[in-house]
Amino acid sequence: MGGVIGGVAGRGSQGVGRGGGGHGWCGLDGGVSKVGGFTSLTSFTATSSSSFFLNSKSSFPLSLSSLSLPSSSYPKATATDLLSLLGPKDRASKVNSHEARQLWSCFKFLVPFNSTLDGSSLDLRSMSGSVGGRRREIEENELIWWPPSPVLELARISVDSGGDPGAIHRALDPTVIPVPDVEGSNEDRCELTRTPYGRHFINKELNDYLVFLFEMIASRGPSVGLNVSLNRYDLFHGHLFLARDSGRLGILFHAKEYPAFDKKVFPYNLGYCQSGSDLAYDSTMNLRNILWLAPMPSNSSRDWVAPGVLVVLDARPDGIIYRDLIPYYAQIVRTLYEEDFGEAAVDVNYLNVGVTNPNYQISFVDCRQCDFSFKNKEKKFSGANT
């Protein structure tokens, strides 16, 4: 019998990893699952994920014996170090040079990185027109470097709030939207989200921008060796966080969420949401963590000190991300966790609700402990100022 992997995933299923927002396997992000005649259970809270466990005697290309344990013979990199390198030069310069070189070797940029881009005189683009419509490459790059004004305002509010997730929650429409059936998920008893309902952002351009991010990852991924499909087995979710040391707004996307069960290659049962998967477990699992960072505002002026970033984080076994940032129990599935980067606020989902033809619902926000009482609200989100 195959092994069982657990983490925090769907409301009734399992996925890959410790964290997530309920992605069905406890998917590579964790949860509670009944499969066949047994139940696998991992504990979790509304704002964090539990560790998953592995239990298999089957052969596996990346066996448990290959997992690397922490070592004290070298400086240990942190998620904060990683974020610092992708920020303004004064922060990047504080990272140990040895760590910095190794971390840079694991960055696969989907949009060219340039920390010196000047945002003092922004020529802001909008998301107007059909989402996913044809744009020139430079226009797509600019939407990452300097997003539309509603995104910039949310980025500034995130920093001004001191990294308070409530700043994100207050930008959400409190209207509850039931989670739809996603590619036959109901029939499979697969629950992809943390809760059975979700919300949209009040400002439509924020929702459109999230769709743009999913589609950018899918379209640009092949340029760095990451081929993803926008479906419930592969790329459909990300975790929005506020960086712990700076309040910078970011999203950690997870692709390759439900690899297919395979007795020789991936002998692990991920629960209901794995049912029907033909997603191969292969070396592209190294690239399943994709990071978007909003432009970083100054905390002392209205200036911007760093442009936006879209980068794949290479967790290859000989790299520092695999060695230092991925917990030893998650190395087989290469999962980085949003809680290591900062305060998790919401999960964002891009769900295909089409029956015969793809029909993607605009990014569906699964809220983590949202409080819509709006008490002590200091700012009303308008999407107008940057």
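For the pair the range 312-327 / the range 156-233, the C-alpha centres are spaced 25 Å from each other. For the pair K204 and S97 in one chain, pulling the backbone fully straight at 0.36 nm per residue adds 34.3 nm over the alpha carbon distance. The value of relative contact order for the range 208-338, using C-alpha pairs under 8 Å at least six residues apart, is 19 percent.
Taking amide hydrogens as placed 1.01 Å from N in the peptide plane, the amide H of L172 sits under 5 Å from those of I202, each at least 5 positions away in sequence or on another chain. Shown in residue order for the range 307-324 are the 3J(HN,Hα) couplings computed by the Karplus curve 6.51 cos²θ - 1.76 cosθ + 1.60 at θ = phi - 60°: x, x, 9, 9, 9, 8, 9, 7, 9, 4, x, 8, x, 6, 5, 4, 6, 10 Hz (x for Gly and Pro).
Can you give the FRET efficiency to the nearest 0.05 for D262 and L117, using r as the Cβ-Cβ distance and R₀ = 51 Å? Could the numbers behind the result be given before it?
Numbers: r = 44 Å, r/R0 = 0.87.
Approximately 0.70, to the nearest 0.05.
If you take all other residues with their beta carbon under 10 Å from the beta carbon of K76, and give Lys and Arg +1 and Asp and Glu -1, the sum is -2.
Tell me, in nm to one decimal, what length is gained between T78 and N359 on full extension, where the rule is 0.36 nm per residue of separation less the Cα-Cα distance? Don't jump to the answer; show the numbers that get you there.
Values: separation 281, 0.36 × 281 = 101.16 nm, distance 3.87 nm.
Stretched fully, the T78-N359 segment lengthens by 97.3 nm.
Under 5 Å between amide hydrogens, built in the peptide plane, is the criterion, and for N269 it picks out G3, V4, I5 among residues at least 5 positions away or on other chains. Computed from phi, the 3J(HN,Hα) profile of the range 263-280 under the Karplus parametrisation 6.51, -1.76, 1.60 (θ = phi - 60°) reads 4, 9, 9, 9, x, 10, 8, 9, x, 4, 6, 7, 4, x, 5, 10, 6, 6 Hz, with x in place of Gly and Pro.
Give the peptides 157-168, 135-146 in descending order of average Cβ contacts within 10 Å, highest first. Please list the in-between numbers first.
Details: 157-168: 20.4, 135-146: 16.8.
In decreasing order of mean packing, 157-168, 135-146 become 157-168, 135-146.
Please work out how much length the chain gains when fully extended from R136 to D318, using 0.36 nm per residue of separation minus the C-alpha to C-alpha distance, in nm with one decimal. Let's see the in-between values first.
Working: separation 182, 0.36 × 182 = 65.52 nm, distance 3.60 nm.
Answer, rounded to one decimal: 61.9 nm.
Bridgeable aspartates and glutamates around K76 (alpha carbons under 20 Å apart, same-chain partners fewer than 8 residues away excluded): E99, D245, D314, D318, D324, E338, E339, D340. Around the Cα centre of the range 155-217, unit charges on the Cβ atoms of Lys, Arg, Asp and Glu (plus for the first two, minus for the last two) sum to a dipole of about 320 debye. Taking label points 7 Å from Cα along the Cα-to-Cβ direction, T175 and S301 give a separation of 4.1 nm.
For the range 193-199, the Karplus equation 6.51 cos²θ - 1.76 cosθ + 1.60, evaluated at θ = phi - 60°, returns couplings of 10, 5, 10, x, 8, x, 9 Hz by residue, with Gly and Pro reported as x. Amide H contacts of V305: M296, S298, each under 5 Å away and 5 or more positions distant or on a separate chain (H built 1.01 Å from N in the peptide plane; Pro and chain starts excluded).
Quick note: the coordinates plus some simple rules give every number you see, no bench work behind them. Nothing here was measured: the structure is a model prediction, and the numbers come from that model. All Cβ positions, even for glycine, are placed from backbone atoms using ideal geometry, and neighbour counts span all protein chains on display.
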